[in-house]
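Please treat every number below as a calculation from the coordinates, not as lab data. On a predicted model such as this, the values are computed, not experimentally measured, just so you know. All Cβ positions, glycine included, derive from the backbone under ideal geometry; neighbour counts span all protein chains shown.
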């Protein structure tokens, strides 16, 4: 069994420590809702931050990419990474500029990624990434063939160290500002699907699947 | 006049180079639409990636935070950073798992950030961040006072080096997959506001301002 807590000195939230969470359930809920992660790594002292698709399987985060990318070339040697997933929930409008904020949930993982080389693990991850992004899709899309698996790189980051940070709720103004004649509150934001756009070359008679028409992220 | 192109060897898009853009207009449009950036930096070889608010003013990206945070303590010494803004536009469902993708626009900046210390520059940036996130709000919220300005750190990153990467349009399947009986297309995604939630302690008679009721990101 892995440790239930992901806390370490370097993942301890220093600023506004009340917002920090370290249990796997809290971190995994954020990872499982998100669609894009931001992967940070350094090459010769220069940091890079690259957005990419991912999936969590049990206690491992898998990052998808191409063997051609700078990121994967650098990371496959087993260098330290940070992976951050941020969900933006709303804008917090306080009476004072200073107390403006955002409601959000973010998860940060630290660790060393390894390149996934076993074809069966790669195939499982590729299918899981599709299913993570569009639940229900994995059973329909043509699975990757050997050639495609070779052309794809996958990185695995064991989830041992990390944290979540959450802000929710109304603005927190100073007492002396409460009577200011300024509207205050929260404007919730949500990532929502619009109408699906069928491919122009789609074979006739193929309806929009239910998992597309009714798409929504878990929460 | 700054150079019109932000391209450098280390910001040149290697994977799918057709998706790379280097002109300031393309990069600035992404920066100006986004709400959250991901800042990457390394401390003793360990990368960190932190989401935070920001604003672009002319050819400088300003990053907001607290003097207490690990990020700002590390960055104020003038260490190299990467700042990435990602806008997710849709999910691309191809007939094959391999050709699944996302439509997105992302901007990556590289450089060295400096701590902003002049109170007037700090005040201007704090007001601009509020106005960037909620256009129209800057004129209403109580401006930061000296005490609040002291409690806030602001970093400035000159925009000299970076790139944008954009994917748009339908799935691109292989010719031999086009007849598969699998729905294919794009599910557009959009970050939209829901109904504003007034603060429970709001003074009576304060209506939701137009810039909140009609909120939308520039695009």
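Key figures for this structure:
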{"item": "Span from the segment B:9-34 Cα centroid across to the segment B:41-59 one, whole angstrom", "result": "18"}
{"item": "Between segment A:147-165 and segment A:187-219, the alpha-carbon center distance in angstrom", "result": "27"}
{"item": "Average beta carbon contacts from partner chains per residue of B:208-214, 10 Å cutoff", "result": "2"}
{"item": "Order by protection proxy (mean Cβ within 10 Å, highest first), peptides B:179-187, A:4-12, A:37-45", "result": "A:37-45, B:179-187, A:4-12"}
{"item": "FRET E, pair residue A:43, residue A:206, Förster distance 25 Å, beta-carbon r, rounded to 0.05", "result": "0.05"}
{"item": "Globularity ratio of segment B:9-213, using Cα Rg and 2.2 N^0.38 Å", "result": "1.24"}
{"item": "Length added when fully stretched, residue A:25-residue A:57, from 0.36 nm per residue minus Cα-Cα", "result": "10.2 nm"}
{"item": "Using a 7 Å Cα-to-Cβ projection, residue B:174 label spacings across copies, nm, ascending", "result": "6.4"}
{"item": "Segments A:197-206, B:143-152 sorted - mean Cβ within 10 Å per residue, highest first", "result": "B:143-152, A:197-206"}
{"item": "Position residue B:213, label points 7 Å along Cα→Cβ, spacing to each other copy in nm (shortest first, one decimal)", "result": "3.5"}
{"item": "Sum of -39500 (n - 2.57) over DSSP H runs of 4+, divided by residues of chain A (222 nm, nearest 500)", "result": "-5000 deg cm²/dmol"}
{"item": "Other protein chain Cβ atoms within 10 Å, averaged over every residue that makes up A:145-157", "result": "1"}
{"item": "Degrees, to the nearest 10: A:119-133 long Cα axis against longest axis of chain A", "result": "40"}
{"item": "Normalised alpha carbon radius of gyration of the protein assembly as shown [divisor 2.2 N^0.38 Å]", "result": "0.99"}
{"item": "For A:169-181, mean number of other protein chain Cβ atoms within 10 Å", "result": "3"}
{"item": "Per-copy distances of the residue B:5 label point, shortest first, in nm (7 angstrom along Cα→Cβ)", "result": "5.3"}
{"item": "Helix A:24-33 vs. chain A, principal-axis angle (Cα, 0 to 90°, nearest 10)", "result": "70"}
